[in-house]
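Below is one structure, written out as structure tokens, with a few remarks after it.
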């Protein structure tokens with residue numbers, strides 16, 4: 001199965017692979033990147049002890065680097081109509097609920113000075129006005145930057161219709177307009193890269209065509225790029241869901257990775273309903289996007305939208321794994337291919353730092369990378385077990401399993417274990 005994946009990864013023409021059509025333009029070497037989501041839904045309230053959130057990131061930069069993290073994803077950095085930053089208002093104003101612009105700069109450079117890459121949350125599907133629906137300021141934009149079918153009753157608006165799903169809380173921007181794209185690219189290059197950011201996380205990418213994400217990546221040349229394509233998962237047609245992720249990646253010109261929402265949903269079913277068999281597809285591969293294109297898939301257990309925040313009852317909780325089974329999820333993503341992401345709240349607020357660090361250490365020391373081969377030994381109710389490469393074995397679920405002789409138990413916890421040799 002690993003050899004088949006290698007074959008489709010290197011071709012340029014579309015190739016049917018396990019119901020997926022994936023077009024690639026370049027060969028991707030496996031990386032050992034581990035991403036930290038550097039915030040949760042309440043982070044705008046500060047980090048405690050009178051610290052702003054930017055000061056909290058700065059003060060934890062050395063610890064994250066020492067643990068093996070390579071990238072830190074920041075929340076939206078511009079002034080916004082919402083405390084969390086997802087209703088951007090003055091794009092060039094970098095003072096926000098998370099802290100001042102100078103504190104932001106200090107946090108970004110603390111990350112860089114510790115040999116990690118700071119990733120900016122780029123919210124460009126929509127924007128709000130400064131005093132009204134669409135009186136855009138700093139930078140000033142005309143109302144014709146808004147798509148023709150936006151619900152705003154004013155105008156004049158663009159002749160172009162939205163190229164994705166609408167977003168009613170803000171004005172949907174007309175990315176088909178070259179003036180919009182030029183202004184956004186300029187903001188990313190001058191303001192975001194100017195403060196020191198080196199990569200992007202694109203918010204709500206189902207709101208506009210993937211080709212424009214590709215344009216922004218081409219215009220700004222990030223070291224890391226990932227998009228949030230979160231759509232409904234039909235558990236009776238999982239391949240359609242991961243095909244959507246493949247199509248989006250291809251739509252960017254293969255310039256941006258995608259968050260592996262397919263794997264996220266399958267972990268939810270495994271951990272809530274004991275259906276660990278869902279983690280293996282009909283070809284014996286991991287059933288998420290990592291089973292088709294792991295190098296371009298960013299895996300995660302929960303994030304600021306799907307899960308809780310500082311405790312199990314706080315935060316958005318839109319699509320969480322069970323709070324007591326979080327470490328099973330990390331035992332899966334931190335031993336499997338893809339680019340794994342750790343959620344700040346789990347790491348710092350839930351006292352899981354040591355347990356997560358043990359898994360990161362195994363990943364780093366045993367050479368697990370974004371394209372490591374997986375051989376699934378068991379996938380059934382109550383048990384998932386697999387060998388990763390030739391020197392790591394793991395299991396999650398309440399049922400017992402052992403890799404056999406010659407293995408050393410490296411770390412374990414409630415319903416998970418990892419062995420090395």
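Read-outs throughout are calculated quantities, based only on the coordinates presented, and are distinct from any laboratory measurement. Note that this is a predicted model, so its numbers are computed, not measured. Glycine gets a Cβ as well: all are built from the backbone with ideal geometry, and neighbour counts include every protein chain shown.
Quick check on my filter: what residues within the stretch 384-398 are touching a helix residue (DSSP H, G or I) at 6+ places or on another chain (Cβ under 7 Å), in a strand (DSSP E or B) and within 18 Å of residue 301 (Cβ to Cβ)?
In the first step, residues of the stretch 384-398 are kept if they are touching a helix residue (DSSP H, G or I) at 6+ places or on another chain (Cβ under 7 Å); the result is 384, 392, 394, 396-397.
Now drop any that are not in a strand (DSSP E or B), which leaves 384, 392, 394, 396.
Of everything in the stretch 384-398, those that are touching a helix residue (DSSP H, G or I) at 6+ places or on another chain (Cβ under 7 Å), in a strand (DSSP E or B) and within 18 Å of residue 301 (Cβ to Cβ) turn out to be 384, 394, 396.
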Please enumerate the residues belonging to the stretch 205-225 that are crowded, with 19+ Cβ neighbours inside 10 Å and out of contact with any helix residue (DSSP H, G or I) (no Cβ under 9 Å at 6 or more places or on another chain).
207, 208, 217, 224
Within the stretch 81-111, restricting to residues that are surrounded by fewer than 24 Cβ atoms within 10 Å (Cβ to Cβ) and touching a strand residue (DSSP E or B) at 6+ places or on another chain (Cβ under 6 Å), the one that is farthest from residue 60 (Cα to Cα) is 89
Under 6 Å between Cβ atoms, at least 6 apart or on separate chains: pull out the pairs that start in the stretch 324-342 with a residue that is touching a residue at least 40 places away in the same chain (Cβ under 8 Å) and at positive phi and end on any residue that is part of a helix (DSSP H, G or I) and buried (at least 24 other Cβ atoms within 10 Å of the Cβ).
338/290; 338/294
State whether the residues of the stretch 337-348 include one that is in a loop (DSSP other than H, G, I, E, B), in contact with a strand residue (DSSP E or B) (Cβ under 7 Å, 6 or more places away or on another chain) and farther than 21 Å from residue 384 by Cα.
no
Search the stretch 182-200 for residues being out of contact with any helix residue (DSSP H, G or I) (no Cβ under 6 Å at 6 or more places or on another chain) and within 17 Å of residue 127 (Cα to Cα), and hand back the single one that is surrounded by the most Cβ atoms within 10 Å (Cβ to Cβ).
192
Out of curiosity, is residue 115 touching a helix residue (DSSP H, G or I) at 6+ places or on another chain (Cβ under 8 Å) and in a loop (DSSP other than H, G, I, E, B)?
yes
For the stretch 349-359, state whether one or more residues are in contact (Cβ under 8 Å) with a residue 24 or more places away in the chain, buried (at least 22 other Cβ atoms within 10 Å of the Cβ) and over 21 Å from residue 388 (Cα atoms).
no
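Just one of 272, 248 is outside any loop (DSSP other than H, G, I, E, B), out of contact with any strand residue (DSSP E or B) (no Cβ under 8 Å at 6 or more places or on another chain) and over 19 Å from residue 394 (Cβ atoms); which is it?
272
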